[in-house]
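One structure is given below, encoded as structure tokens.
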Amino acid sequence: VTPDPNTPTPSSFLHEVLAKKPTIQRRARLLSSPSHFSYVSPLPLPFPYQISAQDGEVGDKPEDRAAYVEKWLSMREATHARGQEGDSASANGLTKFYPENRDQPRELIGLAETGLRDCLPQLDVGDAFQILGKPALLPPLGSNSTNTEASADAQAARQDLLDILSGHATLMSDSPEAGFAPWSLRYSGHQFGTWAGQLGDGRAISVLVTPHPSDPDLTYELQLKGAGRTPFSRSADGLAVLRSSIREFLGAEAINALQIPTTRSLSLISLPSLPVAREREESACILTRVAPSFMRIGSFEAFNGPSNMFFFGGGQQDPDWEGLRVLGEWVAKRVLRLEAANQGRAWGKELVMEVARRNAEMVAGWQVYGFMHGVMNTDNISVLGLTIDYGPYAFMDVFDPYHICNHTDQEGRYAYKYQPNMIIYACRHLLNTLSPLIGAESVLGNKPVGPGWMQGASDETIAEWGEKGKESREEMEVLIQTTCSVEYGRLMKKRLALRKQEKSDENHLVQPLLDIMAEHKLDFHATFRKLSFFKPSLLTSSPTDPNPNQNVLEKFISDLLNLSPEGRSMDHTKATNDWMAWFEKYTQRILSERDEWTAGEDWDSEREKAAKAANPRFVLRQWVLEEVIKKVEVDAESGKKILGKVLQMSCSPFEPWGAEGDERPDEELDAEVREERRYCGMGEKALLGFQCSCSS
């Protein structure tokens with residue numbers, strides 16, 4: 001892929017840009033048409049930059065002041081190579097660079113063990129977990145995380161982690177053969193249905209790419225979010241606050257635990273002395289997230305966006321057909337690893353279909369587990385079908401198919417019910433962008449286009465190719481709808497602990513269940529978890545006793561109805577009758593496949609175990625996020641232990657947290673267990689359906 005000509009190589013970036021003209025990477029600007037990315041180094045500083053000079057230090061001419069600004073920034077850039085005492089500054093061909101005149105407190109407040117295990121098992125984090133302390137919702141008073149027993153090597157490894165993932169130090173190489181420097185991606189996109197022109201990584205900088213030890217062809221990017229301004233920051237500061245960083249840190253690992261494709265979290269590092277202006281003044285925080293690639297549908301739109309369209313934004317380059325081809329080949333071969341691309345066949349249509357298929361499976365998982373993204377703009381849709389860019393997301397509380405989690409989304413464009421439609425919308429724009437290339441490949445007899453493929457093509461020819469490429473639109477939309485439907489059915493079958501998937505399940509079981517939840521305002525996840533304990537024997541009758549389990553069944557239904565915050569206004573008689581009618585169908589469906597279970601007479605227990613493994617006991621609700629954020633903001637030392645425990649619960653959501661099933665009153669439980677039970681609850685009514693803004 002092609003770098004910004006202002007930062008053409010890692011060597012020139014290090015020795016020319018950072019040393020002499022660093023403002024080029026901090027000024028908002030349109031990249032040249034062929035460019036896919038720009039080299040950018042982390043620089044987490046308040047913006048606008050507060051640049052001052054001593055009397056007589058700067059001349060009166062504009063060029064003198066401009067030169068001083070370059071010098072001031074250069075002194076704060078990471079340009080000085082050094083290592084830990086007694087070792088080399090270099091490791092694995094990369095050198096650690098540090099700034100001459102920039103230092104600020106850096107505090108590790110979160111490290112995701114699951115993200116580390118799955119993506120970067122080779123990363124030495126030293127004594128980082130000991131420093132964070134034992135996760136607990138009720139940390140002992142006065143507990144201190146300082147680890148005085150760690151070896152010097154362990155402390156050095158943790159310090160490296162802290163320095164690099166806080167944006168203080170930077171890994172680079174100026175080698176002509178294997179140069180490396182951090183970068184930010186260029187992309188454009190449609191935001192809330194409106195073309196927005198160039199967007200790009202305005203506060204995200206990828207600082208490392210490394211192969212997974214078990215698969216050298218699978219690489220992971222480490223990306224810092226909130227590491228300072230880039231050419232794509234427009235008028236923003238490039239920073240992130242503690243609040244939004246905690247939300248994404250926990251959200252990504254929670255989604256992964258539900259087996260929904262997502263970017264992953266690695267670390268959270270607080271910069272408590274760095275103020276950030278939002279609705280109120282907050283402190284900065286840098287999240288490190290990990291993925292094989294952060295390419296989006298908007299990455300393609302940057303090279304062939306809508307023409308002759310007025311929009312508000314920073315502008316948009318003219319189409320660059322060669323840039324589109326280069327990006328497509330890169331994604332097809334290196335990111336998606338498409339067979340067609342790697343065998344020399346046409347890849348354009350296959351790329352679109354693969355992106356569509358992956359995102360259809362992803363959004364099906366969202367719908368089954370009541371996840372709402374909130375900002376499904378085309379620049380927030382991953383080509384890998386990963387859940388990406390966690391902003392005002394939410395998990396469903398009381399079931400409402402029209403719930404809107406983002407209060408900025410006043411028209412409900414991204415409401416829960418419409419999320420699958422928004423995947424179709426985004427993929428249409430991917431198809432539109434690539435349609436001339438797909439059409440050209442078709443004309444070539446299913447051969448890939450080569451360098452200069454648009455050279456000499458008339459406007460009429462380009463239009464013809466575009467129309468030819470768009471002929472795949474219906475096929476693509478059917479693929480999304482079919483894939484989403486099949487995956488939705490498969491996952492709902494798991495949530496209802498059914499062995500076989502029958503076509504009638506959607507209309508006879510799933511939709512009626514959701515209708516009961518919606519009509520009687522029942523909690524989405526708590527209802528599914530409660531249903532994990534349902535047994536067909538509750539409805540079984542005998543000649544002598546119509547229903548020996550009548551009292552147990554009544555208690556079971558009563559417990560379900562208590563999962564509504566609107567119990568006083570509920571029509572209990574109708575709700576009970578609705579549940580009874582549904583349980584009759586559910587029981588018949590369960591009994592029809594009794595022989596599918598392997599445990600014989602104990603098949604009920606086997607079913608219950610399977611159900612509990614698909615229906616989370618703990619859900620990362622809005623009230624939980626708000627409480628954790630406040631605790632970390634008030635006291636980071638105890639707050640990071642609470643954050644660590646909530647991360648544990650998010651990563652193991654199916655465990656019986658809070659002594660589930662123990663009928664003892666709360667006051668008889670251990671204090672930590674009692675707090676776990678509270679965190680598994682619906683929380684205060686005022687925070688049910690709580691909406692966040694895009695700035696979250």
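The values are calculated or read from the model by the stated rules, or taken from the named source; none is laboratory data. The structure presented is a predicted model; accordingly, all values stated were derived computationally and were not measured. Here the Cβ is made from the backbone with ideal geometry for all residues, glycine too, and neighbour counts use every protein chain on show. What goes into the accessible areas is simple: the full protein's heavy atoms, side chains included, and nothing from ligands, DNA or RNA. Shrake-Rupley method; radii C 1.70, N 1.55, O 1.52, S 1.80 Å.
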Inset, instruction - Could you grab the pairs with beta carbons closer than 8 Å, sequence gap of 6+ or different chains, first residue in region 354-377 and in contact (Cβ under 8 Å) with a residue 12 or more places away in the chain, second one outside any loop (DSSP other than H, G, I, E, B) and among the charged types (D, E, K, R)? - result: A360/E487; E361/E487; A364/E487; G365/E487; V368/R495
Inset, instruction - Check whether at least one residue in region 367-380 is within 27 Å of F300 (Cα to Cα) and in contact with a Lys or Arg (Cβ under 6 Å, 6 or more places away or on another chain), and report yes or no. - result: yes
Legend entry - Unique match (being surrounded by fewer than 19 Cβ atoms within 10 Å (Cβ to Cβ) and in contact with a strand residue (DSSP E or B) (Cβ under 8 Å, 6 or more places away or on another chain)) among E248, E282: E282
Inset, instruction - List the strands (runs of 3 or more DSSP E) that sit entirely inside region 142-223 and contain at least 3 residues that are within 28 Å of I109 (Cβ to Cβ) and either modelled with pLDDT of 95 or more or not basic (K, R) (or both). - result: 170-172, 183-185, 204-212
Inset, instruction - State whether one or more residues within region 378-401 are of a type in the set (D, E, K, R) and part of a helix (DSSP H, G or I). - result: yes
Legend entry - Residue list for region 637-651, filter: open to solvent by less than 10 Å² (accessible area, probe 1.4 Å) and of a type in the set (G, A, S): G639, S650
Inset, instruction - Could you pull out every one of the helices (runs of 4 or more DSSP H) wholly within region 522-636 that has 1 or more residues that are more than 25 Å from M492 (Cβ to Cβ), of a type outside the set (G, A, S) and open to solvent by less than 30 Å² (accessible area, probe 1.4 Å)? - result: 622-634
Inset, instruction - For residues that are touching a strand residue (DSSP E or B) at 6+ places or on another chain (Cβ under 9 Å) and more than 14 Å from D237 (Cα to Cα), tally how many sit in region 30-50. - result: 9
Inset, instruction - Answer yes or no: is there a residue in region 641-648 that is outside the structural domain of Y402 (by the TED database), touching a residue at least 40 places away in the same chain (Cβ under 8 Å), assigned to a helix (DSSP H, G or I) and in contact with a Ser or Thr (Cβ under 9 Å, 6 or more places away or on another chain). - result: yes
Inset, instruction - Please name all residue pairs, on different chains or six or more residues apart, with Cβ atoms under 9 Å, provided the first residue is in region 269-295 and is without any contact (Cβ under 8 Å) to a residue 12 or more places away in the chain and the second residue is open to solvent by 20 Å² or more (accessible area, probe 1.4 Å). - result: E281/P275
Inset, instruction - Would you confirm whether any residue within region 326-336 is of a type in the set (K, R) and open to solvent by 10 Å² or more (accessible area, probe 1.4 Å)? - result: yes
Inset, instruction - Filter the helices (runs of 4 or more DSSP H) completely within region 417-496 down to those with at least 2 residues that are closer than 25 Å to P319 by Cβ, among the hydrophobic types (A, V, I, L, M, F, W, C) and touching a residue at least 40 places away in the same chain (Cβ under 8 Å). - result: 419-443
Inset, instruction - Return the only residue of R186, R203 being charged (D, E, K, R), open to solvent by less than 40 Å² (accessible area, probe 1.4 Å), assigned by the TED database to the domain that holds M75 and more than 30 Å from G658 (Cα to Cα). - result: R186
